[in-house]
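To keep things clear, I will list the structure first and then write my remarks on it.
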Amino acid sequence: MDFLDFEQPIIELEKRIEKLKLTAADSESSVDLDHEIDNLIRKYETLTKEIFSNLSEWQIAQLARHPERPKALDVIQAIVPDFKELHGDRMYADDAAIVSGLGTIENLSLMFIAQEKGQDTKSRIFRNYGMPKPEGYRKAQRLMKLAEKFSMPIVTIIDTPGAYPGIGAEERGQSGAIASNLFTLASLRTPIINLVIGEGGSGGALAIGMGDSLLMLQYSIYSVISPEACSSILWRNPKEVEAAADAMGISAKRLSKFDIIDRVIPEPLGGFHRDPELMYKDIASAVVDEVQLLKNLALDDLIDRRRKKFRAIGEFQEI
Amino acid sequence: MSWFEKIVPSRIKTRKKQRSKSVPEGVWMKCPECKSQLYRAEIEKNLFVCNKCDHHMRISARDRLNQFLDPESQSELFPNIISVDPLNFEDTKKYKDRLTHSKEVSGESDALLVMEGTLNSIQVVACAFEFKFLGGSMGSVVGEKFVRAVDRSIQNRAPLICFSSSGGARMQEAILSLMQLAKTTSALVDLAAEKIPFISILTDPTTGGVSASLAMLGDIIIAEPGALIGFAGPRVIKQTVGQKLPSGFQSSQFLMEKGALDMIVDRREMRDTITELILILTHSKTKEKH
Ligand SMILES: [Zn+2]
């Protein structure tokens, strides 16, 4: 199991608890051991709370990218039992970095458009580490329009380092594909819910991340540029990631200061990967809440609300 | 701004010709492409296109709009919207200091200059990115000025023309900058609903968030010859793919071949080409004599 350096003390305790539990199961009288286990569990909870209440922006970025953190497909499989994946942009290819399709939550018909990073080495390569190419964005746009046609709310699940910076991606018009998606999202006549579960990397995330409600998991991030790239460019030093992450403010908590996020969904103690089942339940209910809320609006009002929301973003002064 | 400047209407102020800050001063200058020694006054008359190799030099936003719009018609819009450093951002330098420095080197208040005026007597709203202002990066001020330019276009039913030259979103305003992609796009949806033409001209260089939003949303997308245009910069791509980039990669000609552009237009033909496009798009060709 992969873990981060600041998780180490937690993992150590966890291992000790597991070991004691095994011993307790084997031994005749386990009263003393039970007592010790209880103590350790309390210690584990206190320590985890302590560590997690003081996370830096960079540590949250690492949690958002945690190899053990469930990915978009895990979420979809957990909360959309009848998911039917729909493939391809009908022009060039099927981009595996974008997973999209139809399904229901509590009998609500929904369109899902997600960025999938992959769960192991093989699937990460297949998914291009969640970095979509133009054909991925065009597939997404095709399905956005399909959703609009059948009055289906769209749920996008965001988890990407960014749009793929490759030769083919540029040749096939990466900028134009992203821009075109933004235009579509800005005018689409159906509710759009954007859920950031991990990493919201720049324009590549926004290309499926613009909508009516922006939900972020507690330890997810959304940023204009990765802390690594920001550090290299502004500090001219790739090692200033801590400072870069902190200066930009990329966590759900810090971003909440601006009127951009509609809801932060708290994560289980120790993060999403410590209790995925609990997190899935909370994600599903948050999504249903938002869908119900948005479905109550007349379409014209919905579009007007979206338009006003984005027009109001920005801080400046008029002298 | 002095009290005197404040009371003079902006229409009069902008007539005072401001000097280009993009091309170095002096009687002689060197073409950055073919390295020929050129007589500055001659090149200025040639709109800063090298008369030996046709290289289109980078020019300031103000020079751009001065040479593009009819003289005497130009008036600057929204010059008083300025950055506030919403995150109190500091890297090796304070964002506030970078803003002050950029104002000094560019002579502009932020990275987007907006004007209204006429183009061969057609009323238009035109904007240009100032690359010397923090790499033409888009933050809250650029986004707001662009949106207001769109609104002015709608109000006056005047076509919108935008010359891009930008490295992308402004890192120092973090998420607010990223959201300017959404904000400016949202305004362009309104412009499209009114069926008012939006002509986007990509100049050297146009990359990142600006190319992934407003710049690629023109009804007609034009590039100047030899411009670098892309989503990711060539350095990042080279690092990612670990191989040499094809020659001419991300140049105007390359994008044209790949189908991303409507046309490549020489700077010296820009005014007349766009005039024609607007007249035809708006069914005005027969009504006006040119
Ligand atoms: Zn030359």
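The values are calculated or read from the model by the stated rules, or taken from the named source; none is laboratory data. As the structure is a computational prediction, the values presented were derived from the model and not from experiment. Note: ideal-geometry Cβ built from the backbone for every residue, glycine included; neighbour counts use all protein chains shown. The protein model used for the area step is the full one, side chains on, heavy atoms only, and it has no ligands, DNA or RNA in it. Shrake-Rupley method; radii C 1.70, N 1.55, O 1.52, S 1.80 Å.
List of remarks:
- Within the range B:12-58, the set of residues being modelled with pLDDT under 90, within 20 Å of B:PRO225 (Cβ to Cβ) and not hydroxyl-bearing (Ser, Thr, Tyr) comprises B:VAL23 only.
- Scanning the range A:90-98 for residues that are open to solvent by 80 Å² or more (accessible area, probe 1.4 Å) and without any contact (Cβ under 8 Å) to a residue 24 or more places away in the chain turns up nothing.
- Taking the criterion of being surrounded by 18 or more Cβ atoms within 10 Å (Cβ to Cβ) and within 11 Å of the ligand (Cβ to nearest atom), the residues of the range B:22-47 that qualify are B:MET29, B:CYS31, B:LEU38, B:ILE43.
- Sole exception among (1) touching a Leu at 6+ places or on another chain (Cβ under 7 Å); (2) surrounded by fewer than 23 Cβ atoms within 10 Å (Cβ to Cβ); (3) among the hydroxyl-bearing types (Ser, Thr, Tyr) for B:SER213, by number: (2)
- Scanning the range A:215-234 for residues that are more than 9 Å from every other protein chain (Cβ to nearest Cβ) and in contact with a Gly (Cβ under 9 Å, 6 or more places away or on another chain) turns up A:MET216, A:LEU217, A:GLN218, A:TYR219, A:SER220, A:ILE221, A:SER226.
- Check on A:ASP159, open to solvent by 30 Å² or more (accessible area, probe 1.4 Å), touching an Asp or Glu at 6+ places or on another chain (Cβ under 8 Å) and acidic (Asp, Glu): no
- Here A:GLN317, A:GLN292 are screened, and the one residue that is within 14 Å of another protein chain (Cβ to nearest Cβ) and over 23 Å from A:LEU73 (Cα atoms) is A:GLN317.
- Selection from the range A:108-141 of residues that are assigned to a loop (DSSP other than H, G, I, E, B) and out of contact with any helix residue (DSSP H, G or I) (no Cβ under 6 Å at 6 or more places or on another chain): A:GLN119, A:ASP120, A:ARG127, A:MET131, A:PRO132
- Here A:ASP94, A:ASP32, A:ASP89 are screened, and the one residue that is acidic (Asp, Glu) and part of a helix (DSSP H, G or I) is A:ASP32.
- Residue in the range A:297-305 that is modelled with pLDDT of 95 or more, open to solvent by 70 Å² or more (accessible area, probe 1.4 Å) and within 14 Å of chain B (Cβ to nearest Cβ) present: yes
The rows are residues; the columns are (1) of a type in the set (Val, Ile, Thr); (2) closer than 30 Å to A:VAL288 by Cα; (3) touching a helix residue (DSSP H, G or I) at 6+ places or on another chain (Cβ under 8 Å).
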site	(1), (2), (3)
A:ILE10	yes, no, yes
A:ARG16	no, no, yes
A:ALA24	no, no, yes
A:TYR44	no, no, yes
A:GLU50	no, no, no
A:ALA61	no, yes, yes
A:ILE76	yes, yes, no
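- Applying the condition of being within 14 Å of the ligand (Cβ to nearest atom) and open to solvent by 30 Å² or more (accessible area, probe 1.4 Å) to the range B:48-76 and asking which residue is farthest from the other protein chains (Cβ to nearest Cβ) yields B:ASN51.
- Those residues of the range B:37-74 which are closer than 20 Å to B:GLU116 by Cβ and of a type in the set (S, T, N, Q), in sequence order: B:SER60, B:ASN66, B:GLN67, B:SER73, B:GLN74
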